[in-house]
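Visitor: Dumping the structure here so I can ask a few things about it.
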Amino acid sequence: MATRVREKAQLRADNKDKRPMAVAKYIRISPYKVREVLDLIRGKDYNVAVATLETVNKSSSDPILKVLKSAGANAENNLNMNKDTLFVAECYADGGATLKRIMPRAKGSADRILKRTSSITIKLDAKEVK
């Protein structure tokens with residue numbers, strides 16, 4: 001039997017991370033390539049991170065910019081935060097589902113090609129006002 005279901009649900013709700021965030025799943029870019037660009041914006045202010053992503057000449061900067069703007073919109077609309085006071089608290093890329101393909105080789109054998117996908121997560125937070 002399940003015991004203390006309501007109490008446990010309340011504890012989970014109390015311990016939930018309440019920072020604005022956005023997630024993009026199944027992005028068809030390898031997580032290694034995404035992490036290179038995420039390292040550039042980690043810890044920066046929201047506006048500086050947006051400007052950085054708009055100038056970086058990498059293929060992964062477009063989906064990262066989209067996720068960052070989505071997290072900023074979530075902060076503004078859902079939590080009534082100001083975009084000028086936000087900074088990138090956490091950003092990471094995890095591996096998603098891998099598409100497995102084959103390339104025919106000599107004598108009827110085959111090589112496996114792994115087409116990797118990634119999940120991009122960005123969490124924002126408000127700066128402390130002094």
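The values are calculated or read from the model by the stated rules, or taken from the named source; none is laboratory data. The structure presented is a predicted model; accordingly, all values stated were derived computationally and were not measured. Glycine gets a Cβ as well: all are built from the backbone with ideal geometry, and neighbour counts include every protein chain shown.
Visitor: For region 1-36: of the residues being farther than 24 Å from A89 by Cα and not in a helix (DSSP H, G or I), which is modelled with the lowest pLDDT?
Guide: The qualifying residue modelled with the lowest pLDDT is M1.
Visitor: Would region 116-127 turn up any residue that is more than 30 Å from R19 (Cα to Cα) and polar (S, T, N, Q)?
Guide: no
Visitor: Here's something else I'd like to know. Hey, can you tell me all the residues within region 53-106 that are among the aliphatic types (A, V, I, L, M) and exposed (fewer than 10 other Cβ atoms within 10 Å of the Cβ)?
Guide: Once the filter is applied, which keeps residues that are among the aliphatic types (A, V, I, L, M) and exposed (fewer than 10 other Cβ atoms within 10 Å of the Cβ), region 53-106 yields M103, A106.
Visitor: Yes or no: region 30-52 includes at least one residue that is crowded, with 16+ Cβ neighbours inside 10 Å, farther than 27 Å from L114 by Cβ and of a type in the set (G, A, S).
Guide: Yes, some residue in region 30-52 is crowded, with 16+ Cβ neighbours inside 10 Å, farther than 27 Å from L114 by Cβ and of a type in the set (G, A, S).
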